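What follows is a single structure, written as structure tokens, with notes after it.
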């Protein structure tokens, strides 16, 4: 199977290459194994200096890199530029804070001196998705590299140019050969790389099924894993919510990146008292979204990344309508070239419908009406997913109490869920385990070693 770039806005192939053979894989693994001890031994100040250089390269090549994102997975140009800037921010953040995150932690005990030393594990294999083809990689790579690990990237097969461009960023920034390597390998070749003794840990962002497979393969070799999997985030709107604020954030959260985000507001859980008012405003705002060439500044709704993803989404929508969901707007393919799907809203979504039970990875919002906050919490927690969620209320103390009860890795009150280098990111239940970002993410791939001196 070739690695193929197909422009989602046109359906036309723009680039392709074949997968690596065993010799090429071995060469990359050998280069990284050679670089690993030298990179770990390098003073952290020098590693952080190179991270700052990577941030500068990202900003200097922002238009080029954003253009690749748009061509390969269809992201709106302004969103693609923001993604590149966020990658640079992550590099700068860890360049500034990593020294403190890995500093020895002195702990009083019965020893003359006792401490925890945070030391790199070695080489981390990152298996990354296409929907944020730069950010998903950099939010792993920046902390892992700062901590002294080396990195191997197996990227999604539909964003090969992005994968190669990320490696070039690190090369241009001056990182030694082998410290960051992109592997052009198929999914079937990934298991042998996981098994290789020169790989010490694995991180994956992707589907629930991919997470199970990777965790099983890594577990067979007793290798640490971090999994960031699917999400079906609840967007809880209480009766005292600021509707203008809630609706404006619901539109952005659900429909940016054509709804192809693990932390999108996929399930709008709205208290009956204000449900009609919320839905009227939501429908009006959603119908103003304009599908078009994502490279053009006037477009506000991007195409989906692949034809098969659009077709699967429509099957979920159709099945939900057949089982009693109510169409508010959209719910259809858009005519013309490319993989466009109408910005859509389903109302009265209930258990037994795909829109309730499954993750909708596209521009479709599901609305479920509830009696009160207690039922809203029960519906929010009734999902097998637990990545993130949000609560909308003018009573922030009440919102915080509810947020503490939402079963998720993050819950925002009166704010759209987002990832931020300063805060840990990850899920519970079928949304995975482990954390990325903040000091928590950096410490996922270090050995917290106790040192005791009499």
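Within region 235-255, being more than 17 Å from the chain's Cα centre (by Cα) and either crowded, with 19+ Cβ neighbours inside 10 Å or free of Cβ contacts under 8 Å to residues at least 12 places away in the same chain (or both) holds for 235, 236, 237, 238, 241, 246, 247, 249, 250, 251. From the list 129, 99, the one residue that fits, being at pLDDT 95 or above, over 30 Å from residue 259 (Cα atoms) and in contact with a helix residue (DSSP H, G or I) (Cβ under 7 Å, 6 or more places away or on another chain), is 99.
Summed over region 177-195, residues that are more than 22 Å from residue 71 (Cα to Cα), in contact with a strand residue (DSSP E or B) (Cβ under 9 Å, 6 or more places away or on another chain) and part of a loop (DSSP other than H, G, I, E, B) total 2.
Select, from 369, 394, 404, the only residue that is surrounded by fewer than 14 Cβ atoms within 10 Å (Cβ to Cβ) and not in a helix (DSSP H, G or I). Criteria check complete, one pass: 394. Across region 333-353, not a single residue is classified as more than 25 Å from the chain's Cα centre (by Cα), assigned to a helix (DSSP H, G or I) and under 30 Å from residue 239 (Cα atoms).
For region 11-35, a residue qualifies if it is under 25 Å from the mean Cα position of the chain (by Cα) and assigned to a loop (DSSP other than H, G, I, E, B), and the qualifying residues are 11, 19. When 341, 356 are checked against the criterion of being crowded, with 19+ Cβ neighbours inside 10 Å, assigned by TED's automatic domain parsing to the domain that holds residue 283 and over 24 Å from residue 271 (Cβ atoms), a single residue qualifies: 341.
Looking across region 418-440, the residues that are in contact (Cβ under 8 Å) with a residue 40 or more places away in the chain, surrounded by 14 or more Cβ atoms within 10 Å (Cβ to Cβ) and out of contact with any strand residue (DSSP E or B) (no Cβ under 7 Å at 6 or more places or on another chain) come down to 418, 421, 439.
The listed residues are 90, 100, and the only one of them that is more than 25 Å from the chain's Cα centre (by Cα), part of a helix (DSSP H, G or I), in the same structural domain as residue 45 (by TED's automatic domain parsing) and closer than 26 Å to residue 420 by Cβ turns out to be 100. Against the criterion of being touching a residue at least 40 places away in the same chain (Cβ under 8 Å), in the same structural domain as residue 68 (by TED's automatic domain parsing), assigned to a loop (DSSP other than H, G, I, E, B) and farther than 23 Å from residue 214 by Cα, residue 170 does not qualify.
Which residue out of 404, 398, 371, 384 is over 29 Å from residue 321 (Cβ atoms) and in contact (Cβ under 8 Å) with a residue 40 or more places away in the chain? Just one listed residue meets the conditions, 398.
Could you please let me know if residue 83 is without any contact (Cβ under 8 Å) to a residue 60 or more places away in the chain, loosely packed, with under 15 Cβ neighbours inside 10 Å and assigned to a helix (DSSP H, G or I)? Here the answer is no, as residue 83 does not meet what is asked.
The values are calculated or read from the model by the stated rules, or taken from the named source; none is laboratory data. Treat the numbers as computed from the prediction; the structure is a model and nothing was measured. In this analysis, Cβ positions are derived from the backbone assuming ideal geometry, glycine residues included, and neighbour counts consider all displayed protein chains.
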